[in-house]
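Read the figures in this text as sums done on the coordinates, not as results from a lab. Not measured: the values here are computed from a predicted model. As a convention, Cβ positions derive from the backbone with ideal geometry for all residues, glycine included, and neighbour counts pool all protein chains shown.
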């Protein structure tokens with residue numbers, strides 16, 4: 001009787017525990033690679049986004065991109081919000097951050113670009129105000145997705161997760177099958193599923209209507225010819241948008257190599 005050969009899953013650690021050498025930083029209004037005011041910090045076992053050196057946020061939206069693009073993968077990580085939002089951050093950015101994927105590269109961002117064209121797994125913390133505030137949502141800077149079998153231009157689609165208050169660690173997981181099914185999981189539960197992320201040349205916000213990309217520092221002319229293009233691969237980045245947050249146990253299983 002022949003034994004089946006068993007291949008061990010090869011999970012990649014995205015943080016080396018020492019430095020940020022595998023990542024590229026891009027702040028809105030700052031040169032590529034400038035870690036403005038030491039916002040992104042390498043700690044012993046986690047990556048910290050800190051605003052300790054700020055007096056005011058001044059719309060310094062930032063993203064830190066991992067070196068390798070991916071298409072079919074599982075990404076697992078833990079996160080926790082901590083501290084207070086820096087002065088000058090928008091009210092909607094209190095305990096608000098995210099992980100971007102299928103993203104354009106750091107190098108392709110325009111100088112004053114606030115958010116990369118990408119899909120975001122949005123992370124939110126409860127505000128102890130009696131209102132539900134789910135996490136693991138989907139936001140779509142410069143994109144939209146198929147949700148519940150139709151094209152949905154809602155900028156952020158809420159997940160079914162519970163609300164998590166305080167500074168506790170939360171486990172999150174992204175299961176991405178290229179341009180087909182995408183699942184968001186929080187603490188082991190699937191809280192959102194959608195498919196076919198695609199470029200949308202109009203920046204859509206359900207509350208404010210269509211908004212010109214120029215408002216977010218994006219040269220929309222370079223995207224017009226790509227309108228409707230399905231996104232099947234791209235970069236992963238960690239978001240910094242005015243509230244301190246930590247990320248740990250960042251690990252990825254490349255499904256194209258493990259099947």
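Reported to the nearest whole Å, the Cα centre-to-centre distance from segment 217-259 to segment 67-108 is 9.
Given N residues in the chain, what is its alpha carbon radius of gyration divided by 2.2 N^0.38 Å?
Values: Rg = 17.9 Å, N = 259, 2.2 N^0.38 = 18.2 Å.
My calculation over the Cα atoms of the chain gives 0.98.
What number, in percent, do you get for the relative contact order of the chain if the mean sequence gap of Cα pairs under 8 Å and at least 6 apart is divided by its residue count?
Numbers: 665 pairs, mean separation 76.3, N = 259.
After rounding, I find 29 percent.
Residue ranges 161-172, 11-22, 62-73, 117-128 sort as 117-128, 62-73, 161-172, 11-22 when ordered by packing (mean number of other C-beta atoms within 10 Å per residue, highest first). The alpha carbon convex hull volume per residue for segment 48-179 rounds to 134 Å³. Peptide packing for 175-184, 238-247 was compared via the average number of neighbouring C-beta atoms within 10 Å per residue; ordered from the highest value, the list is 238-247, 175-184.
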